[in-house]
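Enquirer: Sending over a structure as C-alpha cells; questions will come in a sec.
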Amino acid sequence: MSKIRAAVVGLGQAGSRFDKDLPRVGIWTHVGAYLELHDSIDLVGAADILLENRTHFEERCPHIPCFSTAADMIKSVHPEIISVATPAATHQSVIEEILKFGKPKLIVCEKPLEICNENRKRIVDSCQAAGVPCIVNYTRRYSEVYQLLKKKMDDGLIGKVRSITVFNANRSLTMGSHALDLLCYLSGQLPQKWVGLNNPALFELAEPAIDFMCLFPDHVTGRILNNGFKSFRLFEVDVIGEKGRLKVPKNGERLDHIPYSQSKKFTDATSEEMPRTLYETKPADEAVYVTLVNEAAALVNHKMTPTCSCDVAYRTEALLEEILKIK
Ligand SMILES: NC(=O)c1ccc[n+]([C@@H]2O[C@H](COP(=O)([O-])OP(=O)(O)OC[C@H]3O[C@@H](n4cnc5c(N)ncnc54)[C@H](O)[C@@H]3O)[C@@H](O)[C@H]2O)c1
C-alpha cells in the first residue's frame, strides 16, 4: 500500500515546536507524530504565515517543502491528511482555505474546534458539504490511561458508576475544555442538567475558574473542580461506582482500582481495599499525538467511528460556551 500524504498548517508549539521547546520528552506535535510514522505516512509539506516558525521547521525537516500559506501548499503537494495547528480563532478560516483549494481525505484540527459556536457550526457544515471528515485533538481521548479507564468503566469493573469527578488545572477555557471533553467521553453522554460556581479568586490569564456539576441522562453525576492556580498542576480523575473506585492520579501517569469489601467497622456498609495499580506510564512513553495521527491514517483507509469527530467537539464546546457565561 502506498504511503498516505500528510501536511501540517501552523508550525508553532503544537504544530512542531513543542518537541524541541518542552522540558518533557516524547512526541508532542503533529510534525513529530507524522515523522514518527514514516513507514506508513509521508509528511509532504507544511505551511505557516510566520517566517520564524517556517525557519524552525526548515531546520528540522530540510527536505520537506514549506510554504507561507495553506493554499500554496495544497496546490503544490496535494496532501491527503492535513493537520490544522493554528490558533483556535483561525481554525474556521484555515479550514475554509483548505476546502477551497483542495479536497483532502481528512482534516485533523487542534482543539478547540473554534472559539464561538457560529464558527464551529461553519466548520461542521462545510466539512460535511465537502465530504471531508474532520477529527479534533482532545488529547486525553487519545491517551492510553483514559482509554483504559473508560474500558474498565464500560466493562463494569466498579459496578454501576455513580459519579465522575475531574480535578482541573484551573482556567475553565484552555484546561476546562479538556476536563469537560474528558467528562463527556468517560460518561459517553452530554449532561441533561448542570450548575456552575465561579471562584473569582482563581481568575487567571483572562480565564475564569468555574466549578461545574452536572447530571447525565443515566443519573451519573459529573463534576469539574478547580483547586488552585495553573502552577499547581493538578489534573486527576476519580470515578466512584457501587463496587469500587477508579482513580487516575499524577496527571494521567497511573490508573488505580480500589475495590470495596464488607466493612469490619460497620454492618451493611463497605470499605475500600488497598489500591491495585492497573496501568503506569512515564511521561516519556506518552504518545498521544502518534495515536491521533495513527487514527487519522486508519480513518483514511477504513470506515470507522473517530474517537473525536468535529460534531462531538462542537457539542461539547457549545456547552462550554454556556458554562463560561457564569459570572
Ligand atoms: N491538544 C493540546 O493539548 C494542545 C496544546 C497546545 C496547543 N493546542 C492548540 O493548538 C493550536 C495552536 O496552538 P499553539 O500553542 O501551537 O499556537 P502557536 O501560536 O505556537 O502556533 C500557531 C502557528 O500558526 C500560525 N498561523 C496562524 N494563522 C495561520 C494561517 N492562517 N495559516 C498558516 N499558519 C498560521 C502562526 O504563525 C503560528 O506559527 C491551538 O488551537 C491550541 O489551543 C493544543
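Read-outs throughout are calculated quantities, based only on the coordinates presented, and are distinct from any laboratory measurement. Not measured: the values here are computed from a predicted model. Backbone-built Cβ (ideal geometry, glycine too); neighbour counts: all protein chains shown.
Enquirer: Kindly establish whether ILE240 is touching a Phe, Trp or Tyr at 6+ places or on another chain (Cβ under 7 Å), crowded, with 16+ Cβ neighbours inside 10 Å, outside any helix (DSSP H, G or I) and not hydroxyl-bearing (Ser, Thr, Tyr).
Expert: no
Enquirer: Looking only at residues in region 1-54 that are among the β-branched types (Val, Ile, Thr) and over 20 Å from LYS75 (Cβ atoms), which one is surrounded by the fewest Cβ atoms within 10 Å (Cβ to Cβ)?
Expert: Across region 1-54, the extreme among qualifying residues is VAL25.
Each row is one residue, and each column tells you yes or no for (1) farther than 30 Å from LEU106 by Cβ; (2) within 16 Å of the ligand (Cβ to nearest atom); (3) in a strand (DSSP E or B).
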| residue | (1), (2), (3) |
| --- | --- |
| VAL124 | no, no, no |
| ILE135 | no, yes, yes |
| LEU148 | no, no, no |
| MET153 | no, no, no |
| THR165 | yes, no, yes |
| GLY176 | no, yes, no |
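Enquirer: I'm trying to understand the selection: among the residues of region 259-288, which are without any contact (Cβ under 8 Å) to a residue 24 or more places away in the chain and of a type in the set (S, T, N, Q)?
Expert: Passing the criteria: SER261, GLN262, SER263, THR267, THR270, SER271, THR277.
Enquirer: Which condition does GLY102 not pass, out of (1) within 13 Å of the ligand (Cβ to nearest atom); (2) of a type in the set (Gly, Ala, Ser); (3) over 26 Å from ASP218 (Cβ atoms), if it passes all the others?
Expert: Checking GLY102 against (1) within 13 Å of the ligand (Cβ to nearest atom); (2) of a type in the set (Gly, Ala, Ser); (3) over 26 Å from ASP218 (Cβ atoms), the one that fails is (1).
Enquirer: Here is a further query. Inside region 166-205, can you point out the residues that are among the acidic types (Asp, Glu) and closer than 13 Å to VAL220 by Cβ?
Expert: If the condition is that a residue be among the acidic types (Asp, Glu) and closer than 13 Å to VAL220 by Cβ, then no residue fits.
Enquirer: Quick one: which residue in PRO112, PRO79, PRO104 is touching a residue at least 24 places away in the same chain (Cβ under 8 Å), closer than 20 Å to CYS127 by Cα and within 21 Å of the chain's Cα centre (by Cα)?
Expert: On the way: PRO79 fails: within 21 Å of the chain's Cα centre (by Cα); PRO104 fails: within 21 Å of the chain's Cα centre (by Cα).
Checking each option against the conditions leaves just PRO112.
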